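Structure, as structure tokens:
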Amino acid sequence: MGHKKKSKKSWDIKYDDEISLPVEVEPQPQLATNQGHQELETQKCLRTYFNNHKSSSKRSALEFMAKKYNLKFKFHGEHRNLVLIKYDLLKSDMSKKIVQECRGIIVDLEDYYNIVCLPYTKFFNMDEDQSAYKKHRFDFSTATVYEKLDGSLCTLYHYKDKWHVSSSGVPDAAGLLSNHNTRLEKDEKPIKFCDLFWDIWKNLGYTLPVDTNKCYMFEMVTHRHVILCRPEQEEIILHGVRDMRTLLEERPQEHALMNNWKCVQTHSFESLQHVKNSTRFLNPIKSEGYVVCDANFNRVKIKSPQYVALSHISYNDKNKVNARMMLSVIKTNEGSEFLSYFDKHRELYDTMKGYYDDFYAKLELIIESGSRSKLQTIDILCCELKPTMLEFVNVLTSSGRDSLSDNISKCDIVGLFNIIKLMYIDKSQQELSKHQ
């Protein structure tokens, strides 16, 4: 890439085990990449910042990019120079190329931000504005229609003479999963994502690949961690392959055959519209929909309308089910996808989004005030909340502004809805009754 090597010093990093974050020893000279692919926007951003701030650490470039684009990152538990970067579903601008690249990408801080693992870049629902179809970059004549699997993305990649597995958000897949056994209908002891993956891998009799220059994208489906569709058996299914020397994708079928792995199922359709029409007849408990991929690996996803509706409707409150369901859509930032299927609900969406945005802004004011005072919280919210609701607000704001969106996306929808109902919906109904 034209970077001259000025020293034989390595990019050694020492780490503070107590806080589990990398701490730079001293700024090191820039190194030329030895990868034979075009520089990604993510690399360009990291390298440009580092080169322009010679006294800064390599981690500073990562923090700069994360702050600028609202990205999140996690370090590998064993190889602390490896960091996985992922967009924030609630806050990141999905139209940005860097954001689209950061969907589980793993970079090496010791090797001038070279790419160690690159699963898929962000791809969109067919009818979303950012989709390849809407951008007129999609060629259905060369496309393959794949089943869209309702499981967990697992990426197998090679580093330091060993195969590793990453989840979509953790480079060593060390995150704990809630382990609800749908066959026994009971909660079991939480299990690490990586342990579950390797347990199923072993049970399937799978062997590791010989070609260490590739990363392999699988879907893990299991009754021990159900998303929505309930699998009949535990499986790890190959649906993507990337050559890490060129970063070019390859069709998964040949690699599945070569390694004796199960490959994602394909289907035949005459057009994208036919694909879309067929989703109306899919059973949402058994099928999520389709991913359509052309010869240039442009992808669009087409979900079953029944699946989308079912994934958002989890409560049976006859009076407020639609408003509560819509709040669930909003808090996970899935409004664009939802409205592409259910535009008739746009008015309700806009109303609930207004309530949500105002509540979010008030939570930010509570954080900025630095106060845990009950009276000040009530004053900012302009509403007398019950003690349990105040405690709910305290939990949402306890970790600061940077964690607010994560806290809300993971919070109990019933608790969140009850507060917004009291603050906005009930007040609106009271105002309407005054004018009747």
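The values are calculated or read from the model by the stated rules, or taken from the named source; none is laboratory data. It should be emphasised that the depicted structure is a prediction, and the values quoted were computed from it without experimental measurement. Cβ sites come from the backbone with ideal geometry, for glycine too, and all protein chains shown count toward neighbours.
Points to keep in mind about this one:
- Residue-level analysis places Leu196 outside the set of residues that are among the hydrophobic types (A, V, I, L, M, F, W, C), closer than 24 Å to Leu176 by Cβ and at pLDDT below 95.
- Within the stretch 202-218, the residues that satisfy the criterion of being among the hydroxyl-bearing types (Ser, Thr, Tyr) and surrounded by 12 or more Cβ atoms within 10 Å (Cβ to Cβ) are Tyr206, Thr212, Tyr216.
- Residue within the stretch 351-359 that is modelled with pLDDT of 80 or more and among the acidic types (Asp, Glu) present: yes
- The stretch 368-413 - residue that is within 23 Å of the chain's Cα centre (by Cα) and over 23 Å from Asn70 (Cα atoms) and, of those, surrounded by the most Cβ atoms within 10 Å (Cβ to Cβ): Ile413
- Qualifying residue in the stretch 36-43 (condition: in a helix (DSSP H, G or I) and of a type in the set (Val, Ile, Thr)): yes
- When residues in the stretch 213-243 are screened for being in contact with a Leu (Cβ under 6 Å, 6 or more places away or on another chain), among the hydrophobic types (A, V, I, L, M, F, W, C) and at pLDDT below 95, 0 of them pass.
- Residue check, Val165 buried (at least 21 other Cβ atoms within 10 Å of the Cβ), of a type outside the set (Lys, Arg) and outside any strand (DSSP E or B): no
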